[in-house]
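Before we start, here is the structure in question, set down as structure tokens.
Since every read-out is calculated from the coordinates, none of them should be taken as a lab result. Fair warning: this is a prediction, and the values are worked out from it, not measured in the lab. Here the Cβ is made from the backbone with ideal geometry for all residues, glycine too, and neighbour counts use every protein chain on show.
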Amino acid sequence: MSPNLTFGSEYHSSLTMQKIMKSRLRQTTEKKTKKQLFFSLAGIVIVLFLLIKFGIPALTNLSLLLSSNKGVSQEDISNAKILLLPPVMNESFSATNSASITVSGTASPKQTIQLYVNDSLVDTTTVKNDSTFSFSGVNLTQQQNTIKTKAKLQDKVSNFSDTWTVTYIQKAPSLSVDNPHDGDTLGSPIVVRGKTDPDVKVTVNDFWAITDSSGNYSYTLTLQNGDNHIVVIATDAAGNTTRQELTVKHSQ
């Protein structure tokens, strides 16, 4: 056999082996990369599950447990275990015509809830076993009142809850009917118009009138032959109402 042929055969065999080795190395690297990616994704899923299932306090306790072998004292762990979240209030309305209201919400059982009205602490209560709390007869002292709460357990106090703003409106809205006038004889249709306070809704015979930002309202009303009774009612955000009634005549 020619020496050149032998050398060429060995050279091609060497190239083939190199390709095989590179292929195996690439496959091994891909497997390691996929394995690392899998464990990274699994770790993220576990953290998200713990956050959703147990919340931030559970993650805090887990962190304390993992660091307990690094010189953290038992006293430090005990103090950090209690993480109080602010209470959640039931904000059911934004205005009222009552001088006193009921404030309710949810928090962790056995916690003490502090009630603040216009930045003053006015009352405390204990959360029930069903995670609810309630304050009845909470007095409103001015037109716009801010209400918020804090949770307390032992010597730990949470941040304030979201602030609930309640407007106390004692006086009924003003209301005038400028057109038509009581006793008028008119053609049909007519435009019932007048004025009330801003942000007040007006109905004419139970139909909503058009009201602008200044309280001017209007409604086009079709009259029946004979006497027509017209009832205009203004209603504010607190439920206070003012009523005007008149009768006009229509003759075909």
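Report the Cα centroid-to-centroid distance between segment 118-179 and segment 192-252 in angstrom, as an integer.
With segment 118-179 and segment 192-252 each reduced to a Cα centre, they are spaced 34 Å.
For Ile190, Ile210, which order do you get if you count the other beta carbons within 10 Å of each Cβ and list the fewest first? Spell out each step's value before the answer.
On the way: Ile190 19, Ile210 11.
With the fewest neighbours first, Ile190, Ile210 line up as Ile210, Ile190.
Right, here's the next one. Compute the signed sum of charges (Lys and Arg +1, Asp and Glu -1) over the other residues within less than 12 Å, Cβ to Cβ, of Leu246. Walk me through the numbers on the way to the answer.
Values: positive: Arg243, Lys249; negative: Asp178, Asp182, Asp184, Asp227, Glu245.
Value of the local net charge: -3.
Determine the alpha carbon to alpha carbon distance for each of Lys195/Lys249; Lys171/Lys195; Lys128/Lys150; Lys128/Lys171; Lys148/Lys201; Lys148/Lys195 and list only those over 27 Å.
Details: Lys195/Lys249 23 Å; Lys171/Lys195 16 Å; Lys128/Lys150 15 Å; Lys128/Lys171 37 Å; Lys148/Lys201 29 Å; Lys148/Lys195 36 Å.
Checking Cα-Cα distances, Lys128/Lys171; Lys148/Lys201; Lys148/Lys195 exceed 27 Å.
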